[in-house]
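Read-outs throughout are calculated quantities, based only on the coordinates presented, and are distinct from any laboratory measurement. Because the structure is predicted, anything quoted here is derived from the model rather than measured. All Cβ positions, glycine included, derive from the backbone under ideal geometry; neighbour counts span all protein chains shown.
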Amino acid sequence: MSVAKLEIELISSNGEVSRFEAKSGGQVSLLELCEDAGVNAPFGCRVGTCGTCVVRVLEGLELLHQAQQMEEDTLARISEPVGAPLRLACRATVKDGARGLIRLEKVLIR
């Protein structure tokens, strides 16, 4: 397993931008990377059912593992497919050895 070295940018729902560097040596979620960096990323259940942590992936989708069925089911239930791909920050994990920029935008779900 090789270490992922990333730059992550999170745009909050009010337009505030947080940018940080992150390293990951395993199946670490985007939410965990944000928390480790001290970045406030809203969440609810942490298991992928509530949808509180939905983010739009503006750049770097190829650096993430493909969504699993639970994540796909939650996204289908709570959102409409518009624009860039949506992911759950608590379920989306970084690929081993990934390098690059991941740009995320917080999405508010009604």
| remark: The distance between the Cα centres of the range 1-34 and the range 46-78, in whole Å, is 15 Å
| remark: With CYS90 itself left out, Lys, Arg at +1 and Asp, Glu at -1 over residues whose Cβ is under 12 Å from its Cβ give 0
| task | For every other residue with a beta carbon closer than 11 angstrom to the beta carbon of VAL3, add +1 if it is Lys or Arg and -1 if Asp or Glu, then tell me the sum. | result | +2
| Once the other residues with Cβ under 13 Å from the Cβ of GLU62 are scored (Lys, Arg +1; Asp, Glu -1), what is the net sum? | +3
